1. Being small (Gly, Ala, Ser) and assigned to a helix (DSSP H, G or I) is the filter here; which residues of the range 330-387 pass it?
2. When both residues are 6+ apart or on different chains and their Cβ atoms are under 7 Å apart, which pairs have a first residue that lies in the range 378-395 and is over 18 Å from residue 423 (Cβ atoms), and a second that is open to solvent by less than 30 Å² (accessible area, probe 1.4 Å) and in a loop (DSSP other than H, G, I, E, B)?
3. Quick check on residue 279: is it buried (at least 16 other Cβ atoms within 10 Å of the Cβ), β-branched (Val, Ile, Thr) and free of Cβ contacts under 8 Å to residues at least 60 places away in the same chain?
4. If I filter the range 569-584 for residues that are touching a Ser or Thr at 6+ places or on another chain (Cβ under 7 Å), over 23 Å from residue 427 (Cβ atoms) and of a type in the set (D, E, K, R), do I get at least one hit?
5. Determine which single condition residue 235 fails, assuming it passes every other condition in (1) open to solvent by 40 Å² or more (accessible area, probe 1.4 Å); (2) under 25 Å from residue 165 (Cβ atoms).
6. Residue by residue through the range 196-240, note down the ones that are at pLDDT 90 or above and closer than 24 Å to residue 538 by Cβ.
7. Specify which of the listed residues (309, 276) is over 20 Å from residue 165 (Cα atoms), at pLDDT 90 or above and within 28 Å of the chain's Cα centre (by Cα).
8. Output the number of residues of the range 411-434 satisfying the condition of being free of Cβ contacts under 8 Å to residues at least 60 places away in the same chain and open to solvent by 20 Å² or more (accessible area, probe 1.4 Å).
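The values are calculated or read from the model by the stated rules, or taken from the named source; none is laboratory data. Predicted model only: the values in this text are computed from it and were never measured. Ideal geometry is used to build each Cβ from the backbone, glycine not excepted, and the neighbour counts take in all protein chains shown. In case anyone asks, the SASA skips ligands and DNA or RNA and just uses the protein heavy atoms, side chains included. Shrake-Rupley method; radii C 1.70, N 1.55, O 1.52, S 1.80 Å.
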Amino acid sequence: MPPLPPAPTRRAAQLPPEAFKPVARKASATDKSPPAPATDTVVSVSAVADTPVVAPVARKGGRRPAATPVSTPAVAATAIATPASRSRRNVPTPALVQTPASVVASPEVSVVTAPATPMAATAPVVVAPEKRQRHQTRKAARSSGPTKLFVLDTNVLLHDPTSLFRFEEHDIYLPMIVLEELDAHKKGMTEVARNGRQVSRSLDALAATQGADIGQGLKLDSTGQRGATGHLYFQTSALDYQLPTSLPQGKADNQILGVVEALRKLHAPREVVLVSKDINMRVKARALGLPAEDYQNDKALDDDDLLYSGALALPADFWSRHGKAVESWQSGPNTFYRISGPIVAQWMINQFVYFEAPGEPSLYARVTEIRDKTAVLRTLKDYAHAKNAVWGVNSRNREQNFALNLLMDPEVDLVTLTGTAGTGKTLMALAAGLTQVLDERRYTEIIMTRATVSVGEDIGFLPGTEEEKMGPWMGALDDNLEFLAKGEGGNPGEWGRAATNELIRSRIKIKSMNFMRGRTFMNKYVIIDEAQNLTPKQLKTLITRAGPGTKIVCMGNLAQIDTPYLTEGSSGLTFTVDRFKGWPHSGHITLARGERSRLADFASDVL
């Protein structure tokens, strides 16, 4: 649209009406309207067609005049606005009002005002809503796409009881057989039973809202879940479908597949998708030509390679680029470096950075402070040296040294360790715990627990107390305690210790996760072993038990998950690492090299 003319001055208002006739101008490259014709467009007031003319009415306080329709004969294709003045004087209005052709021809203009009278307060107003229309169009384009209808399998609801509210604007459909399976799994004290009861309560709350109609669908945001704007539908009648005769009709999975097939025909061309954690069911659905997907909202990361490792190698030109601007100072045994530049954007609090290059001094440091584009690095304590041994244990590689710096730091409340078998996770955690409990008296005792998920078949009920029942699961604890009690040389006197096996075991308590809810650990050193087999909810329950002065160490190997329907991306250990990265009182390190034996190291790679 061409730019508007400036507001008329008092001198211009004294000119005769003929002076307001516009002069035809050349069309510029920025004009969106078509070029104007050579002759002026004259609109006669005595035209035949009657169309409402928009006449702005002056308001008090100098506000912009509001447009009100006035019944006046005019040409149907053009709307002419008669100006209103603050003064009470009658200003003669010309019989013929000429408007620029370029303005009349522009389809984006809704109101055009004529020149103002001598006492006009504002400039001529042209209401051009194209910006607002474009904004509304962009906003509608984000949500105007076709919504899908997701049919949920029972295992999705039992895996994540909040999955009903994780599908945003899309609709959800629950077959009747899913409700039957939920009812069958709600009894007991297991995690699956608790999730089943929570889903039942959510369904009851949705159905109990005012104005809810199951036949028309329940609004998922009616209970305060603003992220879900779709509807929840139940199977309220029998559906007609045909499946291959090789699929037994009485099996629950096959009935759900039949419901998906019937809904596809009933709601065509709308997309109907089956969501299931059962791999075999998804394979059968695809074999029948039905779209099926895994439940993805429970995964912290889509790609396991994107998991935060806790360590970052500095580029080879690090000192040549930042060496001149680095500030350094000494504080006790540590050296601090203040570094500025774009490289700081890649770092996080408590992340380890290292520089290794032939012929140049190495640097191993931890990020302790980040402000804008400036970070402070603190050098590490070298636990590879014999004088810095932790309960007789020295680090054998770079990552183990990083881990011991985290485990021995009282300012770090949560430490997560991941790595393959034989990398020394349990040994270092126990050694650091014994040193801080028995030597430094920083914590009162060590509490150790783990997920009781067996690799093979269950051996049945175990007799005895809670600690005796947990005994078979704590073989790793016994093996490492035997090593720590003897020492590498076989003589405990080499490191000046008089602690016996009984003293060590008196400070280590073995607890079951089943009795953790409601407890508070104060000044304890808590070790959670095999944390990869825990769900995010279970790990949240354990971490929130920490009271004042408590340190929690979570360890696990994401390649050895034994819990059904749990993957590397949805494991509670993955969630914890991803959510706590960058917090000043937590640290993570991924141990890369196995130190158990050459046989175990080679087996981890080839098997």
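1. 345, 386
2. 392/487
3. Values: buried (at least 16 other Cβ atoms within 10 Å of the Cβ): no; β-branched (Val, Ile, Thr): yes; free of Cβ contacts under 8 Å to residues at least 60 places away in the same chain: yes.
No; evaluated as a whole, the condition is false for this residue.
4. The answer is no; no qualifying residue exists.
5. With respect to (1) open to solvent by 40 Å² or more (accessible area, probe 1.4 Å); (2) under 25 Å from residue 165 (Cβ atoms), residue 235 is out only on (1).
6. Those that are at pLDDT 90 or above and closer than 24 Å to residue 538 by Cβ: 196, 197, 198, 199, 200, 201, 202, 203.
7. On the way: 276 fails: over 20 Å from residue 165 (Cα atoms).
On inspection, the qualifying residue turns out to be 309.
8. Of the residues in that region, 1 qualify.
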